[in-house]
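For reference, the structure is listed below as structure tokens.
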Amino acid sequence: MDDTLSDFFFYGTLRHLPLLQIVLGREDDTLEYEAARLADHGVFQVADTPFPHFAAAAGCNSSGILVRGITDEETARLRFCEGGFDFELRPVSVALEDGVSTYASVFFPTTQQAPTSEPWSFDDWARNWSKISVISAREVMAWYGRKTPAEISVSFPGIRRRASAFVAGQKRAPDPEWDLSQDVIVAAHHHPYTKFFSLQEIDVQMRQFDGHMSDVLNRAAILVGEAAVVLPYDPLRDCVMLVEQFRAPVFMAGDPAPWIWEPIAGLLEPGEAAETAVRREALEEAGLTLGRLEPAGEMYSSTGSSTEYLYLFVGFADLGGDVTGMGGTDEGEDIRSKVIGYEELMQGIDAGLYKDMPLVTTALWLARHRERLRTSA
């Protein structure tokens with residue numbers, strides 16, 4: 001039996017039609033599909049992820065959709081999307097709602113994905129993760145024909161972080177003076193680079209302050225994601241902890257001092273709260289357990305070049321013992337830490353010793369709120 005039949009059975013995330021249309025390359029509502037099920041197979045929750053695992057399971061019926069008329073080009077796009085995640089196509093017999101059976105191609109996982117015994121819920125996934133998956137798919141499929149599935153799988157964690165940040169950004173309050181549907185026109189969207197970060201370009205027109213639309217302009221941005229930053233502060237000892245590490249962008253800027261003192265920071269994982277991220281990063285980077293967290297602002301780190309959005313905190317901590325830098329070995333981090341008094345910190349800020357914007361911002365926030373924090377400790 002040919003494993004590239006033109007009819008496909010989808011049991012997991014590709015049952016979501018907006019996602020499937022992006023992968024196939026036809027977002028025009030022309031899909032011919034109907035409900036179907038596959039006997040003696042189940043769809044199970046993969047541990048610690050929103051993704052499903054598909055496997056033979058006696059007595060189970062996996063629900064999904066049968067999509068007819070998939071072309072060779074669309075099959076190639078599906079293989080590109082799924083190939084980097086250890087899936088392969090196999091022909092199976094599926095049952096339609098009227099009881100008729102038909103053969104269809106199905107993607108089966110080829111490696112173990114640590115599934116649980118819990119059934120995977122398409123409705124729960126659609127409610128909580130579909131928007132992130134749709135945005136992720138747009139970036140993934142922008143690389144179809146230019147990268148291999150294996151290369152995309154390496155970049156996929158960053159792609160999902162960026163997609164999660166985009167969905168979070170859409171929830172922020174709009175500017176009442178502007179209507180994006182009328183005042184910004186994107187003529188083209190380019191993806192020249194992706195890995196841990198992504199470089200993207202748009203050819204864009206925007207409404208000018210005189211009311212006219214601008215010429216088409218090319219603009220680029222580094223897509224990063226959302227990050228959480230925390231300056232650990234001991235209100236009893238009146239001291240803070242800083243961490244130092246080598247920063248390649250500073251070195252690449254020609255700066256002869258690329259080892260930078262910073263607060264503790266890290267990127268948010270999809271669905272992760274900023275407070276959770278800073279507590280995780282404090283443990284990873286400094287072996288530090290944080291107490292109370294004080295929000296110290298939210299902002300873009302560089303509106304002219306980067307999409308990075310920062311959640312800033314000052315976090316209560318006991319800084320009286322030995323605390324040494326650790327860092328994530330899987331990320332090649334080499335980190336050391338130091339504890340300094342508040343007055344030394346502010347003298348360094350005034351002297352321009354510190355070059356990290358989140359450090360300067362959280363230090364100035366601490367200066368404004370220090371007496372309150374010490375009184376309430």
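The values are calculated or read from the model by the stated rules, or taken from the named source; none is laboratory data. Treat the numbers as computed from the prediction; the structure is a model and nothing was measured. All Cβ positions, glycine included, derive from the backbone under ideal geometry; neighbour counts span all protein chains shown. The accessibility values were calculated without ligands, DNA or RNA, using every heavy atom of the protein model including side chains. Shrake-Rupley method; radii C 1.70, N 1.55, O 1.52, S 1.80 Å.
Hey, can you rank 24-32, 145-153, 198-206 by average C-beta count inside 10 Å, highest first?
Numbers: 24-32: 12.3, 145-153: 14.4, 198-206: 16.2.
Put in order of decreasing packing, that is 198-206, 145-153, 24-32.
Among ARG127, ARG219, the order of accessible area from largest down is ARG127, ARG219, computed with a 1.4 Å probe on protein heavy atoms.
Given a cut-off of under 8 Å on Cα pairs at least six residues apart, what relative contact order in percent is computed for the stretch 234-349? It would help to have the intermediate numbers written out before the result.
Values: 179 pairs, mean separation 36.7, N = 116.
RCO, the stretch 234-349: 32 percent.
Apply 1/(1 + (r/R0)^6) to the Cβ-Cβ distance of ARG68 and ARG127, taking R0 = 35 Å, and write down the FRET efficiency to the nearest 0.05. For R0 = 35 Å, the calculated efficiency reads 0.80.
By its C-alpha gyration tensor, with a ≥ b ≥ c as the square roots of the eigenvalues, how is the stretch 90-154 shaped: rounded for a/c under 1.5, else prolate for a/b larger than b/c, else oblate?
Cα axes put the stretch 90-154 in the prolate bin.
Can you give the Rg to Rh ratio of the stretch 198-246, both from alpha-carbon atoms, with Rh computed by the Kirkwood formula?
Numbers: Rg = 21.1 Å, Rh = 15.6 Å.
With Rh from the inverse mean 1/r over Cα pairs, Rg/Rh is 1.35.
Along its three principal directions, the equivalent ellipsoid of the chain from the Cα gyration tensor extends over semi-axes of 46, 26, 18 Å, largest first.
Calculated translational diffusion coefficient of the stretch 246-314 (4 °C, 1.567 mPa s; Stokes-Einstein with Kirkwood radius over alpha-carbon pairs) equals 94 µm²/s. Judged by the ratio a/c of the largest to the smallest principal axis of the C-alpha gyration tensor, the stretch 96-217 counts as prolate, that ratio being 1.5 or greater while a/b is larger than b/c. If R0 is 51 Å, the Cβ-Cβ spacing of ALA351 and ALA55 corresponds to a FRET efficiency of close to 0.25. The candidates CYS239, CYS60, arranged from most to least accessible area with a 1.4 Å probe in the full protein assembly, appear as CYS60, CYS239. Taking the C-alpha atoms only, the angle from helix 122-142 to the longest principal axis of the chain is near 80 degrees. Remark: the stretch 53-61, residue by residue, has Karplus-estimated 3J(HN,Hα) of 10, 10, 7, 5, 8, 4, x, 8, 10 Hz, where x stands for each Gly or Pro and the curve is 6.51 cos²θ - 1.76 cosθ + 1.60 at θ = phi - 60°. Between the Cα long axis of helix 274-286 and the first principal axis of the chain there is an angle of about 70°, rounded to the nearest 10. Near the amide H of LEU231, within less than 5 Å, lie the amide hydrogens of PHE313, VAL314, GLY315, all on another chain or at least 5 residues away, with H placed in the peptide plane.
The calculated FRET efficiency for ILE202 paired with TRP178, based on their beta-carbon distance and R0 = 22 Å, is about 0.85. Three principal axis extents of the stretch 28-108 based on alpha-carbon atoms, in descending order, are 35, 33, 22 Å.
What net charge is computed for the residues neighbouring GLY211, neighbours being all others with C-beta under 14 Å from the C-beta of GLY211, Lys and Arg scored +1, Asp and Glu -1? Can you show the working numbers first?
Working: positive: ARG207; negative: GLU177, ASP179, ASP183, ASP210.
My count for the surroundings of GLY211 gives -3.
Averaging the sequence gap over all C-alpha pairs within less than 8 Å and six or more residues apart, then dividing by the number of residues, gives the stretch 146-236 a relative contact order of 26 percent.
Label sites at ARG374 and ARG292, each approximated as a point 7 angstrom past Cα along Cα to Cβ, lie 1.5 nm apart. Estimated at 0.36 nm per residue, the fully extended path between ARG219 and ASP48 surpasses their Cα-Cα distance by 57.8 nm. Using a ≥ b ≥ c from the Cα gyration tensor of the stretch 254-377 (square roots of the eigenvalues), is it rounded, prolate or oblate, where a/c under 1.5 gives rounded and otherwise the larger of a/b and b/c decides, a/b for prolate? Judged from the Cα gyration tensor, the stretch 254-377 comes out rounded (a/c under 1.5). Measuring spread by the Cα atoms of the stretch 334-375 yields a radius of gyration and Dmax of 11.2, 36 Å. Gain on full extension, evaluated as 0.36 nm per residue between SER101 and ASP29 minus their Cα-Cα distance, stands at 23.4 nm. Rolling a 1.4 Å probe over the protein heavy atoms gives the chain an accessible area of 52 Å² per residue.
Remark on the stretch 9-57: Rg and Dmax equal 12.8, 36 Å (Cα only).
For the stretch 154-307, the alpha carbon positions stretch 58, 36, 31 Å along the principal axes, listed from largest to smallest.
Could you please state how large a percent of the accessible area of the chain is carbon and sulfur, counting protein chains only and using a 1.4 Å probe?
On the way: 10260 of 19560 Å².
Answer for the chain is 52 percent, counting heavy atoms of protein chains only.
Largest accessible area first, the listed residues ASP234, ASP124 line up as ASP124, ASP234 when surface is computed with a 1.4 Å probe on the assembled protein chains. Semi-axis lengths, largest first, of the ellipsoid equivalent to the stretch 146-227 are 29, 17, 9 Å, with √(5λ) applied to each eigenvalue of the Cα gyration tensor.
Longest stretch of the chain clear of exposed loop sites (chymotrypsin sites (Phe, Trp or Tyr not before Pro), DSSP loop, at most 14 other Cβ atoms within 10 Å, sites excluded): 1-177.
Relative to the dominant Cα principal axis of the chain, helix 357-376 is inclined by about 70°.
At 222 nm, what helix-only mean residue ellipticity would the chain give, in deg cm²/dmol to the nearest 500, using -39500 (n - 2.57) for each DSSP H run of four or more? Walk me through the intermediate numbers first.
Values: 9 runs with 114 residues, N = 377.
Taken over the chain, the calculation gives -9500 deg cm²/dmol.
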